[in-house]
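What follows is calculated from the coordinates using simple rules that are stated; it is not laboratory data. The structure presented is a predicted model; accordingly, all values stated were derived computationally and were not measured. FYI the Cβ positions are ideal-geometry reconstructions off the backbone, even for glycines, and counts take in every protein chain you see.
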Amino acid sequence: MKFPTAFTEAPQCLQCCNAATTAAELKAALAVRREYVLPGMPMPYMEDVVRAFRVAQGAAVYIEIGTQDRGNIAWLAREKLARNATIIDIDYGVYSDSERRLATELKAQGFDYHLVRGDCLSDPVQEAVHSILNGRVADLIFCDSHYTYEHTISEFALYRPLVRSGGYLLFHDAQWPGRMDAKGEEAKKGKGYAILELDRFYPAWMVVGPDTPLHRPLPTSSWEGHWGTLAVFPC
Ligand SMILES: C[S@@+](CC[C@H](N)C(=O)[O-])C[C@H]1O[C@@H](n2cnc3c(N)ncnc32)[C@H](O)[C@@H]1O
């Protein structure tokens, strides 16, 4: 698809994400992810992730919401984050082996690592995050948890204020339209619609695949094939 000019005029701070994913970047990311991938699960698609997370270089306070195998945090800690960075890992699932492995690795490297277990929208999780931050704000927050419309709007409302001015809020699966074509209980709007609504007030930029130009969010024309892709909100 060709984009109208105004849809691709990304700000200077995001120009680093426009260059295509390099083979070296991808290889380095996949090497770490392979160590952490859960048994029986496919390797994650990292072509777009690698481009978007160029903005994580040197981040001193990083929050990831929805962490599962912890491989994304391990990759960022090894490749991008500042030494001794504060890392807040939020998930309501229990992935004991991955949690242990990451905690061991990060402790050995001197990171200030915190696992917060619970619903990321809940009061106890909010209180725990605020307590760890103790007045600080994050350089980067990655939202990769639930993919419904309502959840995404709420997650944005709660976590955007925790990003510093000049920092970034990232959402994964940012084009997922939901199941509007389905009948009954399954018919619902997805994260993609929430990103479109949020973009009306908070400009977002989509990172799609290894080399698509950064562009503003657009409604999708089909129901399939929209997992992956990231939305980046410069704050
Ligand atoms: C797609 S996985 C995360 C993948 C990981 N960020 C990565 O890059 O590989 C989604 C995770 O979000 C968690 N999750 C979903 N809804 C949540 C919620 N409301 N609060 C906390 N965690 C949630 C799930 O337990 C799951 O581990």
message = What distance in nm lies between label points placed 7 Å from Cα along the C-beta direction at Arg78 and Ser222?
response = 3.5 nm
inquiry  = Using the crude model of +1 on Lys and Arg Cβ and -1 on Asp and Glu Cβ, and no other charge, please compute the dipole size for the range 10-234 relative to its Cα centre, in debye to 20.
reply    = 500 debye
ask   = Which of Ala74, Ile90, Gln109 sits closest to the plus end of the dipole of the range 72-126, meaning its Cα is farthest towards the positive end, when Lys and Arg get +1 and Asp and Glu get -1 on the C-beta?
value = Gln109
query = Bin by bin, in steps of 5 Å, what percent of the Cα pairs in the range 133-235 do you find, going until the bin that has the longest distance?
reply = 3, 13, 24, 24, 17, 10, 5, 2, 1, 0
query = What's the local net charge at Asp211, with K and R +1, D and E -1, over the other residues with C-beta under 13 Å away?
reply = -2
task = Any chance you could count the Lys pairs in the range 10-234 whose alpha carbons are under 28 Å apart, treating pairs 8 or more apart or on different chains as valid?
result = 5
query = Span-like helices, the chain: DSSP H, alpha-carbon axial extent 30 Å or more, mean Kyte-Doolittle 0.5 or greater, which ones?
reply = none
ask   = Over the range 1-98, what lengths in whole Å, largest first, do the semi-axes of the equivalent ellipsoid take, defined as the square roots of 5 times the eigenvalues of the alpha-carbon gyration tensor?
value = 26, 17, 14
request  = Find out how many positive minus negative residues lie around Arg51, taking Lys and Arg as positive, Asp and Glu as negative, among other residues whose Cβ is under 11 Å from that of Arg51.
outcome  = -3
task = Counting only trypsin sites (Lys or Arg not before Pro) that are in a DSSP loop and have at most 11 other C-beta atoms within 10 Å, tell me the longest site-free stretch of the chain.
result = 84-182
message = For a quick check, take a GNM of the chain with Cα springs below 10 Å and name the residue from Pro177, Pro210, Pro124 with the largest mean-square fluctuation.
response = Pro124
request  = Grab the alpha carbons of the chain, take their convex hull, and tell me the volume per residue in Å³.
outcome  = 130 Å³
query = Going through the range 105-214, which chymotrypsin sites (Phe, Trp or Tyr not before Pro) have at most 16 other Cβ atoms within 10 Å and a DSSP loop state?
reply = Phe201
